[in-house]
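Written below as structure tokens is the structure these notes are about.
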Amino acid sequence: MNRKKVVLASATAMALSATLVACGGGGGSDSSANGPVTITWWTWDDAKATEPVAAKFNATHKDIKIKLVRQADGPGSMANLRNAVASGKDVPCLTKNLGEIPGLVGEGLLADITEYLEPYVKKGLFIPAAVPAVRAGGRDYAIPTGFNPSFMVINRKVYDKYGIKPPKTWDDVIAAGKKFKKHGIYVMNLAGEDPSTLVNLVQQAGGSWYKQEGDKWKVDFLSPESLKSANIVQQLVDNDIVANQTYSDRPALISYFDSGKMVSLPTQTWQLANYELNYKKTLGDWEPIDYPQFSDATSFTTQAHNANSGMLVPKGCAHLKEATEAGVWLNTSKDAINASYRKDIKQYIWPGAIPDPSPWVDAAVPPKLFGPHRSKAKPVILKAVASAKDSWVVGPNYTGVFAELQDQWAKIVTKKITVRQALEHMQKYTVADLKSKNINVEG
């Protein structure tokens with residue numbers, strides 16, 4: 001993620017302490033005596049997908065109606081949301097997210113909908129791994145929208161050309177990278193502005209840099225899970241087996257992926273259509289494989305945490321119960337998922353919140369990208385869904401911490417510092433920053 005996007009996405013997070021639970025939503029949830037309750041939904045998603053979904057909801061519900069209000073983009077939407085909550089006027093009851101829930105709660109932007117959401121959670125409407133991301137301090141502040149499953153795609157034609165087996169572990173990735181290096185080929189790409197590979201590895205290992213105990217935060221960037229993840233990244237960098245193509249020039253990045261000079265991509269379902277649309281040289285050469293695992297893993301695990309994996313219910317919404325009901329329908333019902341289908345690209349909005357997305361997987365897999373390997377995509381994707389876990393806890397200063405981590409990451413990939421040195425720096429930085437905000441912290 002580009003640092004500018006991080007800064008635009010969220011204002012500096014405020015203290016999140018024992019007062020967190022008190023951040024309730026203004027207004028009640030009583031229906032209007034004059035007719036159905038209207039729930040305003042802010043989103044910047046494509047109208048071709050969202051308008052049919054809103055129309056389907058309105059056609060199938062009598063007591064609640066959705067009013068869809070288009071937003072220009074994520075940063076603009078969040079600026080509008082802050083203004084609306086501050087003024088108490090025209091506050092939407094549902095809005096697409098662009099930020100971590102704890103930070104938004106710390107700003108006083110979200111309503112506590114725990115009593116309304118938990119019955120749906122207990123009914124099993126949501127895949128368990130999708131729920132933690134909408135919580136802060138043990139309370140619910142958004143409707144789970146879930147996650148895109150993580151897996152890897154490899155240029156199988158190049159792997160076969162040099163007799164290299166598809167990797168099953170991160171050690172295998174490193175070993176393959178050493179072999180590809182002899183032929184001038186990189187095994188993966190680590191963009192200098194994006195530390196998500198390290199973040200994802202820590203999650204996959206079952207770790208987190210933050211933990212909360214009551215009103216105290218514990219910070220540990222040097223945990224066993226973190227150091228194990230750091231070791232993988234360090235080997236990728238030290239052995240010169242990864243490219244450093246930036247994400248800032250997307251067409252150039254995709255062209256590079258299509259060149260055959262980089263042959264393994266950790267990816268998710270939402271990216272597949274873009275690959276198919278833009279690949280010219282390698283279309284049909286790619287194969288989906290399981291996400292690489294740690295060599296000592298006792299169970300297959302993929303990461304589930306997504307910073308934007310909740311449909312927000314803002315503070316000031318006058319109809320929390322109805323907003324929750326509408327949000328649950330939008331993210332779990334078959335009618336909503338089916339209504340999101342776009343004929344132009346032949347895809348649905350990925351149903352990342354539900355336990356079984358299998359009816360919609362085939363549509364998420366483009367017809368030409370994987371060539372003869374296309375049939376392997378569905379089991380790989382469903383395995384990634386079933387194995388996803390969210391161990392990640394987001395601290396109250398994570399926005400600024402992530403920006404600092406980006407700066408450290410740029411130094412890691414250019415060999416100016418080691419991953420361990422970066423983690424040691426992040427430990428000191430994060431603890432000092434929390435203390436400067438008068439937040440109770442240990443670390």
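Here are the numbers for this structure:
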{"item": "Span from the region 358-409 Cα centroid across to the region 422-443 one, whole angstrom", "result": "29"}
{"item": "Which of Phe257, Val361, Phe402, positive extreme of dipole for the chain (C-beta unit charges)", "result": "Phe257"}
{"item": "Pairs from Lys161/Lys389; Lys211/Lys334; Lys67/Lys122; Lys168/Lys383 whose Cα-Cα separation, in the structure shown, is over 24 Å", "result": "Lys161/Lys389; Lys211/Lys334; Lys67/Lys122"}
{"item": "Candidate aspartates and glutamates for bridging to Lys228, where Cα separation is under 16 Å - those fewer than 8 sequence places away on the same chain excluded", "result": "Asp171, Asp172, Asp220, Asp238, Asp296, Glu424"}
{"item": "Degrees between helix 47-60 axis and first principal axis of the chain (Cα, 0 to 90, nearest 10)", "result": "40"}
{"item": "Estimated [θ] at 222 nm from DSSP helical runs (n ≥ 4, -39500 (n - 2.57)) normalised by residues in the chain, nearest 500", "result": "-12000 deg cm²/dmol"}
{"item": "Cβ crowding within 10 Å averaged over residues, with 49-57, 277-285 ranked highest first", "result": "49-57, 277-285"}
{"item": "Packing-based ranking, highest mean first, of 384-394, 81-91, 254-264 given that Cβ atoms within 10 Å are counted", "result": "384-394, 254-264, 81-91"}
{"item": "Between region 199-239 and region 307-327, the Cα center-to-center distance that results, in Å", "result": "31"}
{"item": "Cα-projected label distance for Asn239 with Asn58, points at 7 Å along beta-carbon direction, nm", "result": "5.7"}
{"item": "Relative contact order (%) - criterion: Cα under 8 Å, at least six apart; region: region 244-315", "result": "23"}
{"item": "Relative contact order for region 262-397, counting Cα pairs under 8 Å that sit 6 or more residues apart, in percent", "result": "41"}
{"item": "Relative contact order, percent, the chain [alpha-carbon distance under 8 Å, six or more residues apart]", "result": "28"}
{"item": "With Cα atoms, 0 to 90° folded angle of helix 320-332 axis to the chain main axis", "result": "30"}
{"item": "Between 0 and 90°, nearest 10: helix 398-413 axis offset from the chain longest Cα axis", "result": "10"}
{"item": "Unsatisfied cross-links (Cα-Cα over 29 Å) in the set Lys48/Lys378; Lys315/Lys378; Lys261/Lys416", "result": "Lys315/Lys378"}
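Read-outs: derived from the displayed coordinates by stated rules, not from any lab. Everything quoted here is computed from the prediction, not taken from an experiment. For neighbour counting, all protein chains shown are included, and Cβ atoms are generated from backbone atoms with ideal geometry for every residue, glycine included.
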